[in-house]
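K.L.:
First the structure, then my questions, so here it is.
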Amino acid sequence: MLRRCALLAGVLVVLASLPCTLAAQKEAKAVKYVRFQAGQTTAYGVVEGDMVRELSGPFGQWKPTDVQHALKDVKVLTPVERPTKVIALAGNYRDHLGDKPPAEFPQPFYKLPSCLIASGEYIDLPETTEDVHYEAEVVIVMGKKAKDVSEKEALNYVLGITCGNDVSARIWQKADVQWWRAKGSDTFGPVGPYIAAGIDYGNLDMALRVNGEVRQKTNTKNMIHNIAQTVSFISQHVTLEPGDLIYTGTPGRTQPIVEGDVVEVQIEGVGVLKNKVVGGTAAGKQKELIRRKIPVAASLSAAEFSKLARSETGPSLNTLPNQPLSLLLFALRPGEGEAKQAEFRNLGTAPPKPADIAKEIYRKLAGASVAPDYATFIHGDRTTAIECKIEGDTAKGSVSFEAPGLYAGKVQFVAKRTGDDWQIEEFSLPAYGAKTVRDSDGKWKATMRADGN
């Protein structure tokens, strides 16, 4: 009897420890590969804590060696030296599509292998264009040759995933028939640092930071077409080779990067891809830095607005109060006369035909008809940010403006609807105590503080 009890107790102990054992086995499958250089040696390795164990053998079929290096002492290279192809997906997150419906199947395009750079290398902005954006992305690294594979089989051909930044020149992207330079210019393909395998690719947090500020955040479960679907679809038309890379699309909204920015893409279980930005045009850099400097405010109290106005960076749209208001945002590019892209961003209750209202107010204030676009409009070296709140037939707002080395300030205005048009009734310069009001006869009357400051 005692023997039976002892045997039963032993069985129970084994059964109780089995889930932990299985979990440990599952966790043990997770691995990070790295392509690195140590002295004159270039090799693949597996990351083991703060060490790298050198591997030998064909790509994706490596065997461990006894050679180890301190991770801090090696130079991390791009995960693949010469992929036969670099493919990327357009519109693979719903929050990046805006009002567009998702595509029935993945929408691939090509980047150039020559655009790839490793973590720690520089994103070099061209001198011949502006408005270059970041795009955080999961990048698939193929481990085996794949042709006509099913979704069920697809992951068997994937070595792992890594972090990617699909750097994109928006002006070229919109103007050119193909995206060969908009997406494939030199240094436009940061990728790395590690290839992560044996993890759940379908449920990983991903974030992008610029100078430490989070600009993009999502989870891979939000992909429209997951990794298996993407690999299977592409393999029906294009043979995927070991080492080929597939950028899988970016989430949410993106913004420009400029010289001096440090861009980080972090994916759970993979690591952090970090690149500094250099180069670019002087005008492009000035525009973006001014855009970040001038705060965007709407329907805030005088104290709140004053506090924001004194801040160095100002709030983003996502940090503004969630209340019924309408933010009219503009961009006017030098030499173009009017912004070609238009967008109305509403935080709360939208007034009727907001784009038309914005055009009319803008025409009165700046002498040009243009639909809302960005947080600022820029003409030459003069930059202006407009905010406006519309209540019935009255529009109240302000214009913050800056011309480097010349002047900076803010004008407040009140406009009234007259039929289908809008008419400025009052404007003032609070900093100088100056106010100009249209009287009942349509004449302007101006007042200023007695001290004349």
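No lab work stands behind these numbers, since they all come straight from the coordinates. Since we're looking at a predicted model, the values are computed, not measured. Here the Cβ is made from the backbone with ideal geometry for all residues, glycine too, and neighbour counts use every protein chain on show.
K.L.:
Using the 10 angstrom Cβ neighbour count as an exposure proxy, how do Cys115, Cys163 rank, fewest first?
P.N.:
Numbers: Cys115 19, Cys163 27.
Fewest-to-most Cβ neighbours within 10 Å comes out as Cys115, Cys163.
K.L.:
Let me ask something else. Rounded, prolate or oblate: pick one for region 78-204, where a ≥ b ≥ c are the square roots of the eigenvalues of its C-alpha gyration tensor, a/c under 1.5 means rounded, and failing that, prolate if a/b is larger than b/c, else oblate. All intermediate terms of the calculation are to be shown ahead of the outcome.
P.N.:
Values: a/c = 1.82, a/b = 1.30, b/c = 1.40.
It is oblate, given that a/c is not under 1.5 and a/b is not larger than b/c.
K.L.:
Order by neighbour count: Thr254, Thr230, Thr162, fewest other Cβ atoms within 10 Å first, most last.
P.N.:
Thr254, Thr230, Thr162
K.L.:
Placing unit charges on C-beta atoms (Lys and Arg positive, Asp and Glu negative, everything else neutral), compute the dipole magnitude of region 86-280 about its Cα centre in debye, rounded to 20. Kindly include the intermediate steps, with their values, before the conclusion.
P.N.:
Numbers: 18 positive and 25 negative charges, 61 e Å.
Dipole about the Cα centre, nearest 20: 300 debye.
K.L.:
Would you mind checking which residues have amide H under 5 Å from Gly252's amide H? H placed 1.01 Å from N; only 5 or more apart, or other chain.
P.N.:
Asp95, His96
K.L.:
Which entries in Lys217/Lys274; Lys221/Lys276; Lys75/Lys145; Lys72/Lys274; Lys174/Lys285; Lys396/Lys435 show an alpha-carbon gap greater than 18 Å?
P.N.:
On the way: Lys217/Lys274 16 Å; Lys221/Lys276 29 Å; Lys75/Lys145 28 Å; Lys72/Lys274 15 Å; Lys174/Lys285 20 Å; Lys396/Lys435 14 Å.
With Cα atoms farther than 18 Å apart: Lys221/Lys276; Lys75/Lys145; Lys174/Lys285.
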